[in-house]
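The next block holds one structure in the form of structure tokens; read it before the comments.
The values are calculated or read from the model by the stated rules, or taken from the named source; none is laboratory data. All figures in this text were calculated on a predicted structure; none of them were measured in a lab. Positions of Cβ are backbone-derived with ideal geometry, glycine not excepted, and every protein chain shown enters the neighbour counts.
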Amino acid sequence: MLETRQQIDLDGQLRQDDKVVPFHINQNGPVIRYSFTDPDEVVELRLSENSSRLDLATDSGSEKFPAEKLDEKIRGTGVTYDDLALRFLYWPGGRVLGDETVHARSCWKLQLAAPTRDSQYANIFLWADKKTGALMRLEGYDADGKLVKRFEVVATQKIDKRWFLKQMRIEEMQPGTNKVQSRTYLEIKK
């Protein structure tokens, strides 16, 4: 799980075509805070041993993120609030399918099946680095078994002796064709 002793402050952006959506990211223990501007919005991801929860920060505190907004794209990019929530990491019954190499890294390939129909994905396949446990690639499939989204780590960076994501490519697929219909990059800067 996340270290609780260290606070991390980074800047990032979601970039799709000519559109750039800047944000600030702050991690303080098991809470990851995404701050967007224009309009202002702060979303907090709370991670625990058994679940994740997305909250909307308000002037009076925080409230559970509305379930009906989870499938909304963030500022018109290919990333949804459900993607930020990482709920799929907590789906029960995941299984290891074997090992594969991703970007010269030996990875475990896992399959996670959605326990309910409240996610945009029915199945997730993810590749986790065997040595570090870091997510290297993720593919989301719809209820018809068609690939709808692919996430892939493009670059990492070392900050204060710890490795962090530098760039991730998110591709929305045209279901049934495996053709990329849009591409978004998530970039984190120190």
Strands (runs of 3 or more DSSP E) wholly inside the stretch 48-104 containing at least 3 residues that are touching a residue at least 24 places away in the same chain (Cβ under 8 Å) and surrounded by 15 or more Cβ atoms within 10 Å (Cβ to Cβ):
52-58
Among the residues of the stretch 55-77, the number that are at positive phi and among the β-branched types (Val, Ile, Thr) is 0
Considering the stretch 118-133 alone, what residues qualify as being under 16 Å from residue 80 (Cβ atoms) and in a loop (DSSP other than H, G, I, E, B)?
118, 119, 120, 121, 122
Can you pull out every residue in the stretch 76-132 that is within 17 Å of the chain's Cα centre (by Cα) and among the aromatic types (Phe, Trp, Tyr)?
81, 88, 90, 91, 121, 125, 127
Pull up the stretch 150-165, narrow it to residues that are modelled with pLDDT of 90 or more and surrounded by 17 or more Cβ atoms within 10 Å (Cβ to Cβ), then point me to the one that is farthest from residue 124 (Cα to Cα).
153
Of the conditions (1) more than 24 Å from residue 129 (Cα to Cα); (2) modelled with pLDDT under 90; (3) among the hydroxyl-bearing types (Ser, Thr, Tyr), residue 81 satisfies every one except a single condition; which number is it?
(2)
